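The values are calculated or read from the model by the stated rules, or taken from the named source; none is laboratory data. Just so you know, these numbers come straight off a predicted model, no measurement behind them. Here the Cβ is made from the backbone with ideal geometry for all residues, glycine too, and neighbour counts use every protein chain on show. What goes into the accessible areas is simple: the full protein's heavy atoms, side chains included, and nothing from ligands, DNA or RNA. Shrake-Rupley method; radii C 1.70, N 1.55, O 1.52, S 1.80 Å.
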Amino acid sequence: MDIIPLSYPVDWSAVSAGGDKQVLAIGDFDGVHLGHREVIGRALRTAGHQGLPAAIMTFHPHPRSVMGQDKYDNLLTPLESKMELFRSLGISRTYVVTFDDSLMHVSPQQFVDEVLVPLGVESVVVGFDFTFGYQGKGNPDSLCELAHGKFAVEVVRPYYMDGAKVSSTSVREALQQGDVPAASRLLGRPYSLSGKVVGGFQRGRTIGFPTANLDPIACSVVPANGVYAIKAHVQGRMYKGVMNIGVKPTFETGELKRTLEAHLFDFAGDIYGETVKVELIAYLREERKFGSIDELVAQIRRDAEASKAAL
C-alpha cells in the first residue's frame with residue numbers, strides 16, 4: 001500500500017498518484033471498527049466493479065483534537081496501526097492529510113474543487129455522519145450537490161449491533177470498563193496496542209514471573225486497570241501470556257503511575273528496546289493489593305492458568 005502525505009494547499013506537482021482514476025473512502029477511521037469497515041468495504045466493492053484502485057483519505061492529527069472538541073486525548077488506532085489495518089483490508093493507497101489551521105478554514109467548495117477533483121476520484125464513499133470544510137459545514141448531502149458532474153458519491157448508513165450504533169466512543173467505553181469481548185465485537189478483532197519494552201525493577205524475575213514492561217505509544221488508549229489474557233507479537237512470533245495494567249499496589253506507595261507488565265508463556269530472551277504488539281483477549285480480574293509476596297505469587301499462578309484457559 002502506498003502512503004501519500006498531503007497538506008493544504010496541495011502541491012500537485014509533488015504528489016504521486018495525483019489525477020489517477022480511483023475510488024476514495026474518506027474519514028478519520030479511528031479504531032477501524034465494523035462501522036468504518038462498512039465504508040471501506042463499500043469503496044473496495046465499488047473499485048472492484050469499476051476496475052479501479054481503492055484508496056482512503058484520512059486525517060492526522062485527529063481533527064477533533066486539533067479543534068479542542070474531543071473529550072478523548074488518546075486514539076484507538078495511532079497512525080501506524082491504522083495504516084497496518086488499511087493494508088490488511090486490501091487498500092491500494094492511503095492519503096494522509098495534515099489537519100492544521102490551513103485545512104481547517106477550507107470551505108466545502110474548496111475541498112471538493114482543490115483536493116478531491118485534482119485527485120481524479122471517480123467515486124467518493126463516506127459515512128452518514130461525515131462532515132468537511134470550515135466549521136464542518138459540509139455533509140453528505142452538500143457533498144453530493146458539490147460533486148454533481150465531477151464524481152459519484154456513495155453514503156453508507158450507520159452500522160448497528162445489538163440495537164446500538166457502532167462507534168469509536170462505544171469501543172472506548174467498553175475498554176474503559178474492561179469489557180474486552182464487547183470491544184472485540186465492535187472492532188471485529190481483538191483490541192491491540194503496541195509499546196516498546198523498557199527497563200523496570202525486575203521484581204517479576206525475582207518471584208519467578210519475568211515480565212516485559214511496555215511503554216505504549218503515547219497517544220494509545222490504555223484499557224481499564226486489571227489483569228488480561230493476551231497474545232503478544234514480538235520478533236515475528238506470537239506468544240500467549242498474561243498482562244497487568246495498573247499501579248502495582250502491592251509494591252508501590254506514594255504517587256502511583258500506571259504501568260503495563262506482560263508475562264509471556266514459554267518465552268526466554270532479552271527483548272529490551274523491542275516493539276511488542278499486544279492483543280487483549282480476555283479480562284481476568286481487577287487489580288488489587290496483596291498482603292504478602294507469597295499471596296501475590298499464588299494469584300499470578302492462578303492468573304496464568306486462567307489466561308491459558310481463556311486463550
Pairing the Cα long axis of helix 34-50 with the longest principal axis of the chain, what angle in degrees results, from 0 to 90 and rounded to the nearest 10?
40
Accessible surface of the chain, 1.4 Å probe, proportion on carbon and sulfur as whole %:
48
Once both axes come from the Cα atoms, what is the angle between helix 293-310 and the longest principal axis of the chain, in degrees from 0 to 90, rounded to 10?
50
Under a 1.4 angstrom probe, counting protein chains only, how are K308, K277 ranked by accessible area, largest first?
K308, K277
Using 30 Å as the Cα-Cα cut-off, could you pick out the over-long pairs in K82/K137; K137/K196; K240/K289; K82/K289; K196/K289; K231/K257?
K137/K196; K82/K289
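Using heavy-atom solvent-accessible surface (probe 1.4 Å) with all chains present, what is the largest-first order of K289, K82?
Numbers: K289 135, K82 15 Å².
Listed by decreasing accessible area, they come as K289, K82.
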In a GNM of the chain with a 10 Å cut-off on Cα contacts, which of V242, V126, V15 has the highest mean-square fluctuation?
V15
Name the residue farthest towards the positive end of the dipole of the chain from the options Q110, I293, S184, assuming +1 on Cβ of Lys and Arg, -1 on Cβ of Asp and Glu, about the Cα centre.
I293
With a cut-off of 8 Å between alpha carbons and a minimum separation of six or more residues, what is the relative contact order of the range 191-310 in percent?
33
What angle, in degrees between 0 and 90 and rounded to the nearest 10, separates the Cα long axis of helix 79-89 from the longest principal axis of the Cα atoms of the chain?
70
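For the chain, what's the relative contact order in percent, using C-alpha pairs closer than 8 Å and at least 6 residues apart? Don't skip to the answer; put the middle values down first.
Details: 586 pairs, mean separation 51.0, N = 311.
The value is 16 percent.
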Prolate/oblate/rounded label for the range 2-161 (Cα gyration tensor, a/c 1.5)
rounded
Mean projection of the alpha-carbon convex hull of the range 191-310 over all orientations, in nm²?
7.1
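Only Lys, Arg, Asp and Glu count, each charged at its Cβ (+1, +1, -1, -1), so figure out the dipole size of the range 191-310 about its Cα centre, rounded to 20 debye.
Its charge dipole is roughly 140 debye.
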Sorted by accessible area with a 1.4 angstrom probe, largest first, how do E154, E295 fall?
E295, E154
Listed candidates (1) 19.9; (2) 21.3; (3) 22.5 - label of the one calculated as Kirkwood radius over Cα pairs in Å
(2)
Taking only protein heavy atoms and a 1.4 Å probe, what accessible area per residue, in Å², does the range 85-243 have with all protein chains in place?
46
Using DSSP, restrict attention to beta bridges with both residues in the chain and report what percent are antiparallel, rounded to the nearest 5.
60
For the range 80-164: relative contact order, % (alpha-carbon pairs under 8 angstrom, 6 or more apart):
28
